[in-house]
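**Student:** Submitted below is the structure of interest, expressed as structure tokens.
The values are calculated or read from the model by the stated rules, or taken from the named source; none is laboratory data. As the structure is a prediction and not an experimental result, all values here were calculated from the model. A quick note on method: Cβ atoms are made from the backbone with ideal geometry, for glycine too, and the neighbour counts reach across all protein chains shown. Protein only, heavy atoms only, side chains kept; ligands, DNA and RNA dropped before computing areas. Shrake-Rupley method; radii C 1.70, N 1.55, O 1.52, S 1.80 Å.
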Amino acid sequence: MPLVKAGFVVLDCAEPEKLAEFYRDLLDGEMTDATANRVEIRGADGTRLAFRRDMNATPPSWPRPENSLQAHLDFVVEDLDEAERKIVGLGGRPVEAKDAGPYEERGYADPAGHSFMLRTVAPTAPKQG
């Protein structure tokens, strides 16, 4: 039996309920737990995310260098245009990404400003060099 039973990517934000709703709807998921300061969701594919209340949370400024990218999420989609329409409809926004790499991908920010990418193919190996 493993010592660690579950792992989450946790995003700090001022309004975890609202951000959880954004990702729950984006990932066709469900809320799995909620307290006064934390909300957890599981996407339809099993992706597990949590959102922790931090009234002083400052989102990264990526792609601007002032408060550059600290971490981001990647999601694989079949249709970038359809996924973008859904993201914008849920309150997310596109961000300009330069030199995105060899895969077709687009960068976005969720309603609280956290960065994430949509890719049409999953990467098979880390970038060399």
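**Student:** Just need a number here: residues in region 11-57 that are within 21 Å of A83 (Cβ to Cβ), assigned to a strand (DSSP E or B) and either in contact (Cβ under 8 Å) with a residue 24 or more places away in the chain or β-branched (V, I, T) (or both). If you could, list the steps in order and put the result at the bottom.
**Tutor:** Within region 11-57, the first condition is being within 21 Å of A83 (Cβ to Cβ), and the residues that meet it are 11, 18-30, 41-49, 51.
In the following step, the residues that additionally are assigned to a strand (DSSP E or B) were identified as 11, 30, 41-42, 48-49, 51.
Now restrict to residues that are either in contact (Cβ under 8 Å) with a residue 24 or more places away in the chain or β-branched (V, I, T) (or both): 11, 41, 48-49, 51.
Of the residues in region 11-57, 5 are within 21 Å of A83 (Cβ to Cβ), assigned to a strand (DSSP E or B) and either in contact (Cβ under 8 Å) with a residue 24 or more places away in the chain or β-branched (V, I, T) (or both).
**Student:** When only residues in region 12-25 that are surrounded by fewer than 20 Cβ atoms within 10 Å (Cβ to Cβ) and out of contact with any Asp or Glu (no Cβ under 8 Å at 6 or more places or on another chain) count, which is nearest to L118 (Cα to Cα)?
**Tutor:** D25
**Student:** Taking the conditions exactly as written (buried (at least 16 other Cβ atoms within 10 Å of the Cβ), modelled with pLDDT of 90 or more and not in a strand (DSSP E or B)), does Y108 satisfy them or not? Full working, then the answer.
**Tutor:** Working: buried (at least 16 other Cβ atoms within 10 Å of the Cβ): yes; modelled with pLDDT of 90 or more: yes; not in a strand (DSSP E or B): no.
Considered against the rule, which asks whether it is buried (at least 16 other Cβ atoms within 10 Å of the Cβ), modelled with pLDDT of 90 or more and not in a strand (DSSP E or B), Y108 comes out as no.
**Student:** Would you pick out the residues in region 38-73 that are at pLDDT below 80 and open to solvent by less than 90 Å² (accessible area, probe 1.4 Å)?
**Tutor:** Listed by number, the residues that qualify are P59, P60, S61, W62, P63, N67, S68, L69, A71, H72.
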